[in-house]
Amino acid sequence: MRGRLQSFFVGNGATWVHRALVVALALLGALFSIGPAVASDDASAAPLIAYNALLVGDDARARLVVDFDRKPEFSYHYLKDPARLVITLPATAFGFSGDAVEARGLISDIRYGATGPGQSRIVLSAREPIQMTLAEVRDEGSAGFRLVIDLAIADSAVFEKLLAGQQETPAAAFARQDATAADEDDSFVVAIDAGHGGIDTGAIGEDTRTLEKDITLDFARAFAGKLQAVPGYDSYLTRDADIYLSLSKRVELARQHGADLFISLHADSLSQTDISGATVYTLSDRASDRLAAALAKRENLSNEIMGIEASVEPEEVTDILLDLTRRETQSFSISLADQVVASFEGRISLINNPHRYAGFMVLRAPDIPSILLEIGFLSNPEDEKRMLDPVWRDRLVDRLVDAVTRYRSPMISGMP
Ligand code: ZN
């Protein structure tokens, strides 16, 4: 494979002569595709033209989009050390700018070019074990055909399984390989996300020097345990140890474990030490108030601690279906937040206006209803004392279990 890769040209190396040639070819291709079904024999002998491409993503996911003049037949396989996805195509003229597919986030390198007579390949190298989560060709009408490949981080066991089980897989055989998904039974899975962890300690208590990352893990474990005891419910902890996880990894792990809900737990500090009580946040581009905006900004800094660059969301290559999903998810998130507030009322102290919203990155899953719960504030002595009390912790966790089951019950009773 190494030797072959030598013959690959990286996008940046394409000369203007080459680009001009490809543009000319693309124009020719466009003419053919507009006209009546012309000489299909000739057309199939000519190379495919990949005239546009885009690679987006963060450290947990990546999406590669390539636009072709004609429908590309392709197959794929994985390689290891480093983890790679190899997409095999018929002879293809790559005419897009290398800048469009610059490696980023999860993807450490991308190469493409001819690998033999009548064969071209695109090779994506990853920083971690991966799995392909989507591979499809969309008919874009006069714009040609769009190949969409999604990759996500995978457990190494899952990646090994993919490596071991593979033949050169025709793309038609692709089905989402949720090898890790806990969705075989119909349990309702709640992903419980203990905020911060590892090098990212989060807030620090004024009196006791308690670390937010320890409080959140303590509550997350207690919540997971109680929820698991309810028939029909299952929980998944994004972290069950003192480790650092980027914000997007938290979301991706939840998705891979078949989460139906995502609940992130926090216990931050404020400069106004008199503010106390629990707050429930949902996602919004515009913050409900200044306090919410400041908190979201601080939470989103978690990525910067590890030097993870601000990501381009794969959703930027978006479609109407995704927008609809997102809107529907948003209304479920709001309904969950309302249930949490209702369950807490009179039992767990709440901030005034307890349902607030802001642009928390960890709430950005388009398909999983998500909330962020500030259990209390480590900057407030009473809150701090309460959060260290196991009796109070269990009371709060019971209210959360109540909120989740209430959230779900109208859905169950609404079923035929
Ligand atoms: Zn926090």
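What's the number of the only condition in (1) at pLDDT 50 or above; (2) surrounded by 14 or more Cβ atoms within 10 Å (Cβ to Cβ) that D81 fails to meet?
(2)
Looking only at segment 45-64, count every residue that is in a loop (DSSP other than H, G, I, E, B) and surrounded by fewer than 19 Cβ atoms within 10 Å (Cβ to Cβ) and tell me the total.
Of segment 45-64, the ones in a loop (DSSP other than H, G, I, E, B) are 46-47, 58-60.
Subset that is surrounded by fewer than 19 Cβ atoms within 10 Å (Cβ to Cβ): 46.
Count: 1.
Among D67, D99, D81, which is the only one that is farther than 18 Å from T133 by Cα, part of a strand (DSSP E or B) and among the acidic types (D, E)? Steps first, please.
Values: D99 fails: part of a strand (DSSP E or B); D81 fails: part of a strand (DSSP E or B).
D67 is the lone residue from the list that is farther than 18 Å from T133 by Cα, part of a strand (DSSP E or B) and among the acidic types (D, E).
Has segment 251-259 got at least one residue that is buried (at least 18 other Cβ atoms within 10 Å of the Cβ), within 16 Å of the ligand (Cβ to nearest atom) and within 28 Å of N380 (Cα to Cα)? Walk me through how you get there before you give the answer.
Just the residues of segment 251-259 that are buried (at least 18 other Cβ atoms within 10 Å of the Cβ), to begin with: 251-259.
Applying the additional criterion that residues be within 16 Å of the ligand (Cβ to nearest atom) yields 251.
Next, only the ones that are within 28 Å of N380 (Cα to Cα) stay: none.
Checking segment 251-259: not a single residue is buried (at least 18 other Cβ atoms within 10 Å of the Cβ), within 16 Å of the ligand (Cβ to nearest atom) and within 28 Å of N380 (Cα to Cα).
Looking at segment 229-256 only, could you name the residues that are assigned to a strand (DSSP E or B) and of a type in the set (G, A, S)? Even if it seems obvious, please write down each step before you answer.
Taking segment 229-256 first, the residues assigned to a strand (DSSP E or B) are 233-237.
Scanning segment 229-256 gives a single hit, S235.
Go through D193, D200 for me and flag whichever is within 13 Å of the ligand (Cβ to nearest atom), touching a Ser or Thr at 6+ places or on another chain (Cβ under 9 Å) and within 20 Å of R408 (Cβ to Cβ). Lay out the reasoning, then the answer.
On the way: D200 fails: within 20 Å of R408 (Cβ to Cβ).
The conditions single out D193.
If I215 satisfies all but one of (1) at pLDDT 95 or above; (2) aliphatic (A, V, I, L, M); (3) within 23 Å of the chain's Cα centre (by Cα), what's the number of the condition it fails?
Here I215 meets the rest and fails (3).
Can we say F223 is surrounded by 14 or more Cβ atoms within 10 Å (Cβ to Cβ) and touching a Leu at 6+ places or on another chain (Cβ under 6 Å)?
yes
Output the residues belonging to segment 281-291 that are buried (at least 20 other Cβ atoms within 10 Å of the Cβ) and within 14 Å of the ligand (Cβ to nearest atom). Before the answer, list the steps.
Filtering segment 281-291 down to residues buried (at least 20 other Cβ atoms within 10 Å of the Cβ) leaves 281-283.
The one that is buried (at least 20 other Cβ atoms within 10 Å of the Cβ) and within 14 Å of the ligand (Cβ to nearest atom): Y281.
Of all the residues that make up segment 330-378, how many are β-branched (V, I, T) and either more than 18 Å from A194 (Cβ to Cβ) or assigned to a helix (DSSP H, G or I) (or both)? Give the derivation first.
Taking segment 330-378 first, the residues β-branched (V, I, T) are 334, 340-341, 348, 351, 362, 368, 371, 375.
Now drop any that are not either more than 18 Å from A194 (Cβ to Cβ) or assigned to a helix (DSSP H, G or I) (or both), which leaves 334, 340-341, 348, 351, 362.
Qualifying residue count for the region: 6.
Please specify each residue of segment 352-378 satisfying the condition of being modelled with pLDDT of 95 or more and under 22 Å from D214 (Cα atoms).
The answer is S370, I371, L372, L373, E374, I375, G376, F377, L378.
The values are calculated or read from the model by the stated rules, or taken from the named source; none is laboratory data. If you're wondering where the values come from, they're calculated on a predicted model, not measured in any experiment. Please note: Cβ atoms are built from the backbone with ideal geometry, for glycine as well, and neighbour counts cover all protein chains shown.
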